[in-house]
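Asker: Sharing a structure, written as structure tokens. Questions coming.
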Amino acid sequence: MIDFYYWPTPNGWKVAILLEELGVAYNTIPINIGKGDQFAPSFLAISPNNRMPAIVDHDTDGDPVSVFESGAILHYLAAKTGRFWPTDPRWQVQTMEWLFWQTGNQGPMAGQLSHFVNYAPGEHPYSKDRYAREYDRCLGVLDRRLDGRGWIVGDAYSVADMICWPWVLIAKPLGGDLDPYPNVTRWRSAIKQRPAVQRAVDLGKEFRRSAPPTEEERTILFNQSGRPD
Ligand SMILES: N[C@@H](CCC(=O)N[C@@H](CS)C(=O)NCC(=O)O)C(=O)O
């Protein structure tokens, strides 16, 4: 059994998609990031960066294995199962490149854009524009990569696609425009049709925010620093 520390956001969907595609048994543990669950010592022991997703894999030969950071989780599960991971060593290198690209580029830019769009709408136009442009630049990078190919790496759907897809799914609510990016649009639709992906996006939908963030959520998600209390 895998414990999956989760909240329904694009970063959470990346791992939910792989778990659903693999069809493995997992136990969902909600981490309400708007209420501060990410700072609980028991969660920090698994995910020291106070971010979800994270997993603890109990199906091991020895002690349970805990993994934080979506790229590391996808690599761990794909390497362990041998699925959604290419066998060609050159394609394996490329898969790693796109896992790192997503967590170092598209993810942080989209995450900051989402913060300015959802938590400080209209308050900081320069910052919002900076991240909107970076998000758009990343869409262009993906579009060029997908030119003439169905999937990001090799000839099959893999964890490289799973990690890059969730922040593209929500382009519109982020204020992004997919019209200039036909390859990304085609790829986004192909993945969206997969039943496992639909189950993953629906996971924990009862926890999704239906109203603008409360003052408590804004304070928890804005006021973080690295200093001990
Ligand atoms: N690089 C991390 C990013 C994870 C991340 O930013 N998670 C957000 C939710 S989308 C979070 O846990 N936020 C809690 C907080 O900001 O305190 C990954 O890819 O796993």
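The values are calculated or read from the model by the stated rules, or taken from the named source; none is laboratory data. These figures come from a predicted structure and were not determined experimentally. When we count neighbours, we look across all protein chains shown, and the Cβ atoms used for this are built from the backbone with ideal geometry, even at glycine. Remember, those area values only see protein heavy atoms, side chains included, never the ligands or the DNA or RNA. Shrake-Rupley method; radii C 1.70, N 1.55, O 1.52, S 1.80 Å.
Asker: Length gain on complete extension for the stretch Arg208 to Thr87, per 0.36 nm per residue less the alpha carbon to alpha carbon distance?
Answerer: Gain on stretching Arg208 to Thr87: 39.8 nm.
Asker: Residues with beta-carbon under 14 Å from that of Pro64, excluding Pro64: net charge, scoring Lys, Arg +1 and Asp, Glu -1?
Answerer: -4
Asker: Now for a different question. If packing is taken as the average count of other Cβ atoms within 10 Å, what order do 7-14, 202-209 fall into, highest mean first?
Answerer: 7-14, 202-209
Asker: Here's something else I'd like to know. Tell me the Kirkwood radius of the chain: reciprocal of the mean inverse pair distance over distinct alpha-carbon atoms, in Å.
Answerer: 18.4 Å
Asker: In percent, what relative contact order does the stretch 126-229 have, based on Cα pairs under 8 Å that are 6 or more apart in sequence?
Answerer: Answer for the stretch 126-229 is 23 percent.
Asker: Moving on. Hey, what do the phi angles of the stretch 14-27 turn into as Karplus ³J(HN,Hα) couplings, whole Hz, using 6.51/-1.76/1.60 and θ = phi - 60°, x for Gly and Pro?
Answerer: 3, 6, 4, 4, 5, 4, 5, 4, 6, x, 8, 6, 8, 10
Asker: Remind me, relative contact order of the chain in percent, using alpha carbon pairs under 8 angstrom and six or more residues apart?
Answerer: Result for the chain is 25 percent.
Asker: Name all residues of the stretch 161-203 having a backbone nitrogen under 18 Å from the label point set 7 Å from the Cα of Arg149 along its Cα→Cβ direction, giving them as ranges.
Answerer: Only 161-166, 182-191 pass the distance filter.
Asker: Counting only DSSP beta bridges with both residues in the chain, tell me the antiparallel percent, nearest 5.
Answerer: 60 percent
Asker: Also, I was wondering about something else. Please work out how many pairs of lysine residues in the chain are eight or more positions apart (or on different chains) and have Cα atoms closer than 27 angstrom.
Answerer: 15
Asker: Evaluate E = 1/(1 + (r/R0)^6) for Asp179 and Lys35, where r is the Cβ-Cβ distance and R0 equals 30 Å; express this FRET efficiency to the nearest 0.05.
Answerer: Taking R0 as 30 Å, the efficiency between Asp179 and Lys35 is 0.20.
Asker: What FRET efficiency, computed as 1/(1 + (r/R0)^6) with R0 = 22 Å and r the Cβ-Cβ distance, is obtained for Asp59 and Ala156, rounded to the nearest 0.05?
Answerer: Once the sixth-power term is evaluated, E becomes 0.35.
Asker: Related question: Pull out the extension gain between Glu134 and Met96, defined as 0.36 nm times the separation in residues minus the alpha carbon to alpha carbon distance; nm, one decimal.
Answerer: Gain on extension, Glu134 to Met96, equals 11.5 nm.
Asker: Here's a follow-up. Tell me, what ³J(HN,Hα) does each residue in the stretch 71-83 have, in order and in whole Hz, if you take phi through Karplus 6.51 cos²θ - 1.76 cosθ + 1.60 with θ = phi - 60° and put x for Gly and Pro?
Answerer: Here the 3J(HN,Hα) series is x, 5, 5, 5, 5, 4, 6, 5, 5, 5, 8, x, 10 Hz.
Asker: Give me the 1.4 Å probe accessible area per residue for the stretch 55-201, excluding ligands and nucleic acids, in Å².
Answerer: 50 Å²
Asker: Could I ask something else about it? Subtract the Cα-Cα distance of Thr219 and Met1 from 0.36 nm times their separation in residues, and report this length gain in nm to one decimal.
Answerer: Between Thr219 and Met1, full extension yields an extra 75.0 nm.
Asker: What does the accessible area of Cys164 come to, in Å² to the nearest 10, when a probe of 1.4 Å is used?
Answerer: 0 Å²
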